[in-house]
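Encoded as structure tokens, the structure appears first; notes follow it.
The values are calculated or read from the model by the stated rules, or taken from the named source; none is laboratory data. These numbers come from a predicted model, not from an experiment. Neighbour counts run over all protein chains shown; Cβ positions are idealised from the backbone, glycine included.
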Amino acid sequence: MSSPADEAASGHGHAEADTFRLPQPQVLMERPDGVRILRVRNNHEALPYRAAFAGAYQDIFSEPPYNERFFPSEAQSILRQFLDVPESITLLAVRGNTQVVGFGIGVPALAKADVTRALHGLLPLQQSFYLAELGVLRSYRRTGLGHDLIQARLALIDRARFSNVMLRTSAVRNSSYDMYLSLGFEDMGVYMEVPARRVDGAVSTDRRLFLCKVLPAPGEGEEAGDPKTWHEGER
């Protein structure tokens, strides 16, 4: 039988444990295949997933059409930098405890200097949101996961602040390009040469194009598109 002092000490221990418990990301969706889509709001919430995110990021963007090479520290730094941007949206698709199988990230357009330079005078950039990153591991493609990551980000954009959304994708038109069009995005006819280190170690540029759409007013629906053809496309 415990004394009041023991009970007080026990309660204090639980309070300390709660104090040091890492904050948990918000679960936006639990899919039938066991993949959960989480919204990560800061670097404390991202900590358990950071290494797995880096591995997924490396694998996804080492493939065509980008063929880019990232070191783990670079990929982790990319995640940290996006999470530091006010009003950013970072979603991780997670299997099991911490296995990251996909991701979708967006930020206010003004947070991306190269994007604002390329689109200056073409869009109201202060009211524009930029879908910066989308990636899904090969074994999880054609399951609708990329589609879910797109739609979840669109739903989270503050319509009181942002009236337009845009993205940059490879100029090599593929199924992702077609699906963006089916979701109401329009090809802006604006291209950009993006330098990057390739998997062979060489630094070269690849051509990317911009797509944009006007966000529907609150309460209006988004176009559904075909969820089976999404994989990766925003860079």
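Does any residue of the range 55-77 turn out to be among the polar types (S, T, N, Q) and assigned to a strand (DSSP E or B)?
We begin by selecting, within the range 55-77, every residue among the polar types (S, T, N, Q); these are 58, 62, 67, 73, 76-77.
Within this subset, residues satisfying the condition of being assigned to a strand (DSSP E or B) are none.
No, there is no match, as no residue in the range 55-77 is among the polar types (S, T, N, Q) and assigned to a strand (DSSP E or B).
Is there a residue being surrounded by fewer than 19 Cβ atoms within 10 Å (Cβ to Cβ), in a strand (DSSP E or B) and at pLDDT 75 or above anywhere in the range 210-227?
We begin by selecting, within the range 210-227, every residue surrounded by fewer than 19 Cβ atoms within 10 Å (Cβ to Cβ); these are 213-214, 216-224, 226-227.
Those still in the list that are in a strand (DSSP E or B) too: 213-214.
Going one step further and asking which of them are at pLDDT 75 or above, we end up with 213-214.
Yes: one or more hits.
Given the residues Leu91, Leu134, which is the only one that is modelled with pLDDT of 95 or more, buried (at least 20 other Cβ atoms within 10 Å of the Cβ) and in contact with an Asp or Glu (Cβ under 8 Å, 6 or more places away or on another chain)? Please lay out each step first, then the result.
On the way: Leu91 fails: in contact with an Asp or Glu (Cβ under 8 Å, 6 or more places away or on another chain).
None of the other options fit; the residue is Leu134.
Does Arg159 count as surrounded by 24 or more Cβ atoms within 10 Å (Cβ to Cβ) and of a type in the set (Lys, Arg)? Lay out the reasoning, then the answer.
Working: surrounded by 24 or more Cβ atoms within 10 Å (Cβ to Cβ): no; of a type in the set (Lys, Arg): yes.
In short, no.
Looking only at residues that are surrounded by fewer than 16 Cβ atoms within 10 Å (Cβ to Cβ) and modelled with pLDDT of 95 or more in the range 172-187, which one is nearest to Gln127 (Cα to Cα)?
Per the stated criteria, the residue is Glu186.
Scan Arg117, Arg159, Arg142 and give me the residue that is over 13 Å from the mean Cα position of the chain (by Cα) and outside any loop (DSSP other than H, G, I, E, B). Give the steps one after another, and end with the answer.
On the way: Arg159 fails: outside any loop (DSSP other than H, G, I, E, B); Arg142 fails: outside any loop (DSSP other than H, G, I, E, B).
None of the other options fit; the residue is Arg117.
Just to check your reading of the model, which residue among Ala93, Ala155, Ala132 is small (Gly, Ala, Ser) and closer than 22 Å to Val199 by Cβ? Step through it out loud before you land on a result.
Values: Ala93 fails: closer than 22 Å to Val199 by Cβ; Ala155 fails: closer than 22 Å to Val199 by Cβ.
Selected residue: Ala132, the only one of Ala93, Ala155, Ala132 that is small (Gly, Ala, Ser) and closer than 22 Å to Val199 by Cβ.
From the list Leu154, Leu123, Leu110, Leu149, which one is part of a loop (DSSP other than H, G, I, E, B) and not basic (Lys, Arg)? Outline the logic, then answer.
On the way: Leu154 fails: part of a loop (DSSP other than H, G, I, E, B); Leu110 fails: part of a loop (DSSP other than H, G, I, E, B); Leu149 fails: part of a loop (DSSP other than H, G, I, E, B).
Among Leu154, Leu123, Leu110, Leu149, only Leu123 is part of a loop (DSSP other than H, G, I, E, B) and not basic (Lys, Arg).
Here are Leu167, Leu145, Leu119: which of them is surrounded by 18 or more Cβ atoms within 10 Å (Cβ to Cβ), touching a strand residue (DSSP E or B) at 6+ places or on another chain (Cβ under 7 Å) and closer than 19 Å to Glu87 by Cα?
On the way: Leu145 fails: closer than 19 Å to Glu87 by Cα; Leu119 fails: closer than 19 Å to Glu87 by Cα.
Exactly one residue qualifies, and that residue is Leu167.
Please name all residue pairs, on different chains or six or more residues apart, with Cβ atoms under 6 Å, provided the first residue is in the range 71-90 and is in contact (Cβ under 8 Å) with a residue 12 or more places away in the chain and the second residue is in a loop (DSSP other than H, G, I, E, B).
Listed by first residue and then by second, the contacts come to Phe82/Ser88; Leu83/Asn42; Thr90/Val40.
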